[in-house]
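Report on the following structure.
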Amino acid sequence: MEDSHMPANRSLTKWADWLTECTPGARFEIIDGLLLVTPIPDGPHAKVLTDVTLACLNAGLDSDDPTVAQKIAVWLPTGPEDYAIPDLSVVDADISSRMVENNCYEPSCFRMVLEVTAENPHLDLHVKVAAYAAAGIPVYVIVDRTHQRLHILTAPVRDGYTIHHVHVPGEIVALPDSLGAKVTLDVAEILKAGQPKQAG
């Protein structure tokens, strides 16, 4: 068992592993050599993931190729220890044979990643756009609860995506066919699922 006071000469990966053990539910990632933390998600965050997962399953994405999964770490090419943990991913069925190290997987087996924004959406709307694009992940979907928008980014280049569609409530959007099935999302319903219930 690790000492509660870790020495300062540990790698960022060791720090991330240790902090994960100390703070169950929080998410620690390393992007551009920086150790980043996302707080424990709330209930509406989880509801969005459930609704998107059901939409994918109903469209035919199941345990075959490809498959839908939550919290699978993707190895990033932006630094020697860099990795991210998307909220939800569509991945190739053979992902288990494509681990790089530290429970992180090759970016080439990710067909889509999806993030649901927390209180500060900057990480998902900016930092991860560049990181996922650098990894060559073909589709990045952002459920932006702060601004009530759904973003679909495709065609990655070195530091971003060349195609960026922003969708608003009232639209029914189709995710790219490259996922392996025709998945559609009701933007209003997805964003509504992500809103905290008012006390009263």
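Each value in this text was obtained by applying a stated rule to the coordinates, not by laboratory testing. Keep in mind that what you see is a predicted model, and the values were worked out from it rather than measured. So basically every Cβ, Gly included, is an ideal-geometry build from the backbone, and we count neighbours across all protein chains shown.
In the range 41-193, what % of DSSP beta bridges are antiparallel (nearest 5)?
On the way: 28 of 34 bridges.
Taking every DSSP beta bridge with both residues in the range 41-193, the antiparallel ones total about 80 percent.
Report which label in [x] 19.4, 59; [y] 18.7, 63; [z] 16.8, 53 holds the value of Rg and Dmax of the Cα atoms in Å derived from the coordinates of this structure.
Working out Rg and Dmax of the Cα atoms in Å from the coordinates points to [z].
Let me have the 222 nm mean residue ellipticity of the chain computed from DSSP H runs of 4+ only, each contributing -39500 (n - 2.57), with the sum over all residues rounded to the nearest 500.
That calculation yields -6000 deg cm²/dmol at 222 nm.
Shape call for the range 124-200 from the C-alpha gyration tensor, a ≥ b ≥ c root eigenvalues: rounded (a/c under 1.5), prolate (a/b greater than b/c) or oblate? Could the numbers behind the result be given before it?
Numbers: a/c = 2.63, a/b = 1.54, b/c = 1.71.
It comes out oblate by the Cα gyration axes.
Quick one: angle between helix 12-22 and the longest Cα principal axis of the chain, in degrees between 0 and 90, rounded to 10, please.
Taking the Cα atoms of the chain, the angle to 12-22 is about 80 degrees.
Set the Förster radius R0 to 25 Å, insert the Cβ-Cβ distance between ALA93 and SER178 as r into 1/(1 + (r/R0)^6), and round the FRET efficiency to 0.05.
Once the sixth-power term is evaluated, E becomes 0.95.
Work out the FRET efficiency for LEU36 and LEU57 from their Cβ-Cβ distance, taking R0 = 35 Å, and round it to the nearest 0.05.
According to the calculation, E is roughly 0.70.
Run the simple label-point estimate for LYS197 and HIS126 please: 7 Å along Cα→C-beta, distance reported in nm.
Calculated label separation equals 3.5 nm.
Number of Lys pairs in the chain with C-alpha atoms less than 24 angstrom apart, excluding same-chain neighbours closer than eight positions?
Lysine pairs meeting both conditions in the chain amount to 12.
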